[in-house]
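Take a look at the structure below.
The values are calculated or read from the model by the stated rules, or taken from the named source; none is laboratory data. Quick caveat, the model's predicted, so the values are computed rather than measured. Every residue, glycine among them, receives a Cβ derived from its backbone with ideal geometry; neighbour counts consider all protein chains shown. Please note that ligands, DNA and RNA were not included when accessible areas were found on the heavy atoms of the full protein model with its side chains. Shrake-Rupley method; radii C 1.70, N 1.55, O 1.52, S 1.80 Å.
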Amino acid sequence: MDLAGRGVILTGASGGIGEPLFAALTAAGAHVLAVGRNEVRLRALAQYVPAGALHNVVADVATAEGRARVLQAAYAMRPLPSMLVLGHAQSAFGLFQEQDPDAMARLLQTNLVAPMLLIRTLLPVLQTHDRAAVAVLGSTFGSLAFPGFAAYSASKFGLRGLTEALAREYADTPVRFQYLSPRATRTPFNTPAVDALNAELKTHSDDPAEVARQLVTALQRGTSRLQIGWPEKLFARLNGLLPGLVDRSLRTQLPAVRRHAHQPFHPLPETPRHEPQPQ
């Protein structure tokens, strides 16, 4: 899909990968509606576009009000957007029993429920075009669940399943769905503990600008599934074919994960059975 002159909605535009992705999309000729929660950082994106050409909306897409604001901005944008790129996410690194249950619920709301509802909200806009696309930025942990990232992996596995199901449900329509997975990337999205774990495990971390370049290439080519990096691509495939083999490999890394993920333990109250589920 040629991005020149195309309207694109980008969530998480002021984030670690979001900013270079915004720059790469605009360099390819796209008109980008930048969505994020930080107004100051959104305004800083003006450096990548001609004066007066920045389109942005401050919104928390995890809320109904935020999604309504994005929809209103989409209908006001010219050209009318024909591509939605979901780049926002919330991170979580820690041992499962030491994580706050409310924080885990918010993570699932942000990483899985919000994208699902935002896609549903914006589909009528995308369906006005002969060709349209929804691109979801996933994670290696959406194919390879990793200790210390249980809730985050669950959210990304769900996001991958959502994208795959929608791609099949809309296979005979003009709307294409893409699941694009970066691996570890050198951005503030990673906490110092995650950076320390990556260093000990010798996990390769990519430059954000290079990740953005590969993502834009995938958008242009219409790549339905992309896993960036090697050996991550291999391990993601092995996890689907021979999960026991991956289990044994990751077991050797458990001491390092526990050492970096450990936080002072505070017993959490038992969750009542009647507690309402996150929206």
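Some points to look at:
- The numbered conditions (1) aliphatic (A, V, I, L, M); (2) in a helix (DSSP H, G or I); (3) more than 30 Å from residue 150 (Cβ to Cβ); (4) touching a strand residue (DSSP E or B) at 6+ places or on another chain (Cβ under 8 Å) are all true for residue 68 except (4).
- Cβ-Cβ under 6 Å pairs, at least 6 apart or on other chains, the stretch 1-30 side closer than 24 Å to residue 127 by Cα and open to solvent by 10 Å² or more (accessible area, probe 1.4 Å), far side part of a helix (DSSP H, G or I) and of a type outside the set (S, T, N, Q): 12/18; 26/48; 28/216
- Some residue of the stretch 212-222 being assigned to a loop (DSSP other than H, G, I, E, B) and of a type outside the set (D, E, K, R): yes
- Checking residue 60 against (1) more than 25 Å from residue 141 (Cβ to Cβ); (2) within 21 Å of the chain's Cα centre (by Cα); (3) without any contact (Cβ under 8 Å) to a residue 24 or more places away in the chain, the condition it does not meet: (1)
Residue-by-condition table, conditions (1) over 25 Å from the mean Cα position of the chain (by Cα); (2) of a type in the set (A, V, I, L, M):
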| site | (1), (2) |
| --- | --- |
| 215 | no, yes |
| 219 | no, yes |
| 225 | no, no |
| 233 | no, no |
| 237 | no, no |
| 241 | no, yes |
| 248 | yes, no |
| 253 | yes, no |
| 261 | no, yes |
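- Number of the exception - residue 60 against (1) open to solvent by less than 30 Å² (accessible area, probe 1.4 Å); (2) not in a strand (DSSP E or B): (1)
- Residue 188 vs. criteria touching an Asp or Glu at 6+ places or on another chain (Cβ under 9 Å) and closer than 24 Å to residue 112 by Cα: no
- Hits in the stretch 196-222 (condition: polar (S, T, N, Q) and open to solvent by less than 40 Å² (accessible area, probe 1.4 Å)): 198, 205, 217
- The stretch 173-192 residues that are closer than 21 Å to residue 129 by Cβ, paired with ones that are of a type in the set (Gly, Ala, Ser) and part of a helix (DSSP H, G or I) (beta carbon under 6 Å, 6 or more apart): 177/167; 180/218
- Tally of residues being among the hydroxyl-bearing types (Ser, Thr, Tyr) and touching a strand residue (DSSP E or B) at 6+ places or on another chain (Cβ under 9 Å) across the stretch 198-216: 1
- Checked against (1) touching a helix residue (DSSP H, G or I) at 6+ places or on another chain (Cβ under 8 Å); (2) of a type in the set (D, E, K, R); (3) assigned to a helix (DSSP H, G or I), residue 195 meets all criteria but (1).
- Picking from residues in the stretch 161-187 that are among the polar types (S, T, N, Q) and in a strand (DSSP E or B), the one that is nearest to residue 15 (Cα to Cα) is 185.
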